[in-house]
1. Which members of the range 34-50 meet the condition of being touching a helix residue (DSSP H, G or I) at 6+ places or on another chain (Cβ under 9 Å) and exposed (fewer than 15 other Cβ atoms within 10 Å of the Cβ)?
2. Check residue 84 against each of (1) within 30 Å of residue 151 (Cβ to Cβ); (2) away from ligand 1 (no atom under 16 Å from the Cβ) and name the one condition it does not meet.
3. Before we move on, is residue 270 touching a helix residue (DSSP H, G or I) at 6+ places or on another chain (Cβ under 7 Å), more than 16 Å from ligand 2 (Cβ to nearest atom) and closer than 25 Å to residue 382 by Cα?
4. Collect the residues in the range 342-367 that are within 16 Å of ligand 2 (Cβ to nearest atom) and under 16 Å from residue 276 (Cβ atoms), keeping them in residue-number order.
5. Go through 240, 187 for me and flag whichever is within 17 Å of the chain's Cα centre (by Cα), within 16 Å of ligand 2 (Cβ to nearest atom) and assigned to a loop (DSSP other than H, G, I, E, B).
6. Scan the range 349-369 and give yes if some residue there is without any contact (Cβ under 8 Å) to a residue 60 or more places away in the chain, within 21 Å of the chain's Cα centre (by Cα) and closer than 27 Å to residue 266 by Cβ, otherwise no.
7. Out of the residues in the range 106-121 meeting the condition of being surrounded by fewer than 16 Cβ atoms within 10 Å (Cβ to Cβ) and at pLDDT 95 or above, tell me which one is farthest from residue 306 (Cα to Cα).
8. Can you confirm whether the range 245-266 contains a residue that is within 19 Å of residue 364 (Cβ to Cβ) and away from ligand 1 (no atom under 16 Å from the Cβ)?
Ligand SMILES: [Fe+2]
Ligand SMILES: [Fe+2]
């Protein structure tokens with residue numbers, strides 16, 4: 001009896017000590033969250049690889065255990081912080097039906113967000129629209145791009161190929177960036193690849209990892225992962241981590257790119273930050289990246305590689321080892337001739353205006369002093385994707401279509417490498433027919 005009483009006494013002594021220790025640990029990590037209001041800020045959807053679930057992440061000044069409420073259900077958040085005076089929360093909405101609108105709000109106690117709605121994307125839908133950007137930040141041009149995205153009621157998601165907020169160690173920049181995008185990010189998911197600016201002085205990738213995901217949940221796939229959409233499989237890779245053959249990322253890419261059912265999903269797009277092909281004089285082509293991964297992309301018939309890093313717009317022809325594989329017809333390309341590489345680092349950072357001269361043969365279109373975004377539409381009836389490069393002044397810079405079917409007439413035009421061969425075909429056909437007729441007469 002005496003022994004039990006002694007144990008209980010020791011336990012009672014230890015309990016407050018244990019609490020004090022854990023509080024102290026948290027205090028050291030992010031002391032600024034001890035006090036502060038718990039009003040949700042920086043709310044953003046974080047798409048999972050399951051269309052029936054959706055994560056939502058938000059920040060509060062003070063610590064709290066948060067919740068998400070959706071369609072009459074509730075889930076408690078994981079709460080965490082890093083070396084910055086904000087607490088972060090991530091909660092998962094489950095049981096969602098693709099194509100059916102969801103209404104939700106996040107918060108705790110008396111501090112709740114507005115209600116927002118989103119529609120989980122049905123991977124088997126016949127129509128899909130999205131926006132792709134890179135090199136964003138919070139300049140006035142960047143905000144013009146953000147405003148255009150917020151005003152777009154048809155886009156179902158946004159992809160961002162790296163260099164996101166340009167916080168570069170100043171963590172309040174992330175807070176401002178997320179608050180500015182909130183009107184879009186609460187309604188449609190943004191999917192990101194990491195750029196060199198996500199590797200921050202004094203912080204490394206920690207802010208990116210905490211703000212786009214939570215510790216230990218899906219972090220293992222955060223730098224390279226994929227998502228399935230109607231007609232399009234999207235792979236997000238990191239040019240900021242080891243991608244050489246034999247690396248974990250290379251092995252994953254090889255397996256992932258080879259595992260797509262191209263009957264169900266005709267198009268395969270890779271998003272990464274640094275470009276394999278760029279004729280901008282500021283950074284130019286990332287040759288080590290090309291040497292390491294281009295063969296893999298060609299072998300697995302990647303259709304498009306969407307990069308940033310150089311702050312200009314450039315589209316290549318379908319290309320392999322710097323050789324143009326095909327020139328399509330009237331800005332329309334058929335699949336299977338090698339990837340088209342895009343540099344779209346035009347979403348707000350200062351333009352890099354100096355270009356390599358002469359323009360390399362593989363470069364189909366380039367533009368060096370405008371800002372904007374690209375908009376993409378997949379049509380499941382015709383099985384084609386059309387991309388449009390929009391400038392912030394409302395004009396269109398570039399437009400092209402990629403289709404699954406061969407382009408009629410194109411092969412004749414390039415027959416045996418003789419341009420214009422197609423125009424000779426009707427004459428040859430007439431000659432053939434009259435030869436046949438004269439044979440019959442004999
Ligand atoms: Fe950049
Ligand atoms: Fe960059």
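The values are calculated or read from the model by the stated rules, or taken from the named source; none is laboratory data. Bear in mind the structure is a predicted one, so any value in this text is a computation, not a measurement. When we count neighbours, we look across all protein chains shown, and the Cβ atoms used for this are built from the backbone with ideal geometry, even at glycine.
1. Going through the range 34-50, the residues touching a helix residue (DSSP H, G or I) at 6+ places or on another chain (Cβ under 9 Å) turn out to be 34, 41-46, 49.
Once the filter is applied, which keeps residues that are touching a helix residue (DSSP H, G or I) at 6+ places or on another chain (Cβ under 9 Å) and exposed (fewer than 15 other Cβ atoms within 10 Å of the Cβ), the range 34-50 yields 34, 49.
2. (1)
3. yes
4. Kept after step one, since they are within 16 Å of ligand 2 (Cβ to nearest atom), are these residues of the range 342-367: 342-352.
The answer is 342, 343, 344, 345.
5. Numbers: 187 fails: within 16 Å of ligand 2 (Cβ to nearest atom).
That would be 240, the only listed residue that is within 17 Å of the chain's Cα centre (by Cα), within 16 Å of ligand 2 (Cβ to nearest atom) and assigned to a loop (DSSP other than H, G, I, E, B).
6. The answer is no; no qualifying residue exists.
7. Going through the range 106-121, the residues surrounded by fewer than 16 Cβ atoms within 10 Å (Cβ to Cβ) turn out to be 109-111, 114-115, 117, 119.
Next cut, at pLDDT 95 or above only: 111, 114-115, 117, 119.
Numbers: 111: 40, 114: 34, 115: 34, 117: 29, 119: 25 Å.
Out of the qualifying residues, it is 111.
8. As a first pass, look at the range 245-266 and keep what is within 19 Å of residue 364 (Cβ to Cβ): none.
Within the range 245-266, not a single residue is within 19 Å of residue 364 (Cβ to Cβ) and away from ligand 1 (no atom under 16 Å from the Cβ).
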